[in-house]
Structures are given as structure tokens and as C-alpha cells.
Amino acid sequence: MLICSKWVYKSKHNPDRSTLYKARLVIEGYEQTDFGETYAPVGKLITFRYLTSLIGKYGTTWNMDHLDVVTTFLNPEIDDDDIYITLPEEWPEGSNARRIIVRLRKALYGLKQALQLWHNDFNAFLLSLGFT
């Protein structure tokens, strides 16, 4: 399977009025036709509200922490499928990058099965810690 990729550019303004420019490589996932299973469970808001109410009730013995994984979809490895992408024209400079094809070993933003791959990795990690 061959999928095109592109750069997504973003500028962020810091509190000190400086500007930070960011770029990330994403897959044009709408071109992906053979992607297998993509299901990953998602928590419901009502469950979160119930858990926070229990923590409020038993606050002296229960604790709550927040976790935000910034590179969620960049961590899981792709084992099953052979997914190939073409590099954007801007990379590397001076060459015809459209003819360069690379095999993905880890997920990228835009990949249809990225959420399921991350869920499987995170679930395996929690089970290794003894969670049930």
C-alpha cells in the first residue's frame, strides 16, 4: 500500500510574544484503502463524571492524576502491515522527493489504524503493571 504524505505547518504564540513555528509530517489517510481493524474503545463522559464524584466522596483515600500524551500516535510500532509512503516534495531539499518511498515502522498522524495501535500498546503496558 502506497500513501502520500505532506507537511502540516503551525505557528504558536508564546506568552512573551515570541512565535514558535512547528511542522509535522502527516499521512493523507483518505488515500488508505486496505487498513484492517481500526476499532479502539473510548471512555464516555458519564463514566468520567462518575469517577470524579467517587474521588470527591472518598477524597482522603483516593487520588486523581491527569496524563496527556503529546505524541500519542507516534509511539506505537507497526508490525502486521507493510505501509509505504512517498515523501513530500519539500524533503529533502534539492532532490525529487516524490520518487522516494519509505516503509513505516511506527505510526504517523493520519494513519487509519493509529488509534488502535496506540490503544494496544497502552493496554499491554497497563497489563504489565498488574492492572486488570
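The values are calculated or read from the model by the stated rules, or taken from the named source; none is laboratory data. All values reported here derive from a predicted model rather than from experimental measurement. Here the Cβ is made from the backbone with ideal geometry for all residues, glycine too, and neighbour counts use every protein chain on show.
Yes or no: segment 62-73 includes at least one residue that is over 12 Å from the mean Cα position of the chain (by Cα) and either in contact (Cβ under 8 Å) with a residue 12 or more places away in the chain or in a helix (DSSP H, G or I) (or both). Yes, the conditions are met somewhere in segment 62-73. Across segment 1-31, the qualifying residues are those that are β-branched (Val, Ile, Thr) and loosely packed, with under 13 Cβ neighbours inside 10 Å, and the one among them that is modelled with the highest pLDDT is Thr19.
Scanning segment 1-30 for residues that are polar (S, T, N, Q) and either outside any loop (DSSP other than H, G, I, E, B) or within 16 Å of the chain's Cα centre (by Cα) (or both) yields Ser5, Ser11, Thr19.
Determine whether Ile78 is touching a strand residue (DSSP E or B) at 6+ places or on another chain (Cβ under 8 Å), touching a residue at least 60 places away in the same chain (Cβ under 8 Å) and of a type in the set (A, V, I, L, M, F, W, C).
Values: touching a strand residue (DSSP E or B) at 6+ places or on another chain (Cβ under 8 Å): yes; touching a residue at least 60 places away in the same chain (Cβ under 8 Å): no; of a type in the set (A, V, I, L, M, F, W, C): yes.
In short, no.
Can you pull out the residues in segment 118-132 that are more than 19 Å from Asp68 (Cβ to Cβ) and assigned to a helix (DSSP H, G or I)? Within segment 118-132, Asn120, Ala124, Leu127, Ser128 meet the criteria. Can we say Arg103 is closer than 16 Å to Ile3 by Cα, charged (D, E, K, R) and touching a strand residue (DSSP E or B) at 6+ places or on another chain (Cβ under 7 Å)? In short, yes. Pairing residues of segment 1-25 that are under 14 Å from Ala107 (Cα atoms) with residues that are small (Gly, Ala, Ser), at Cβ distances under 7 Å and at least 6 apart in sequence or on separate chains, gives Leu25/Ser5. Within segment 39-57, restricting attention to residues that are at pLDDT below 90 and aliphatic (A, V, I, L, M), the residue that is surrounded by the fewest Cβ atoms within 10 Å (Cβ to Cβ) is Val42.
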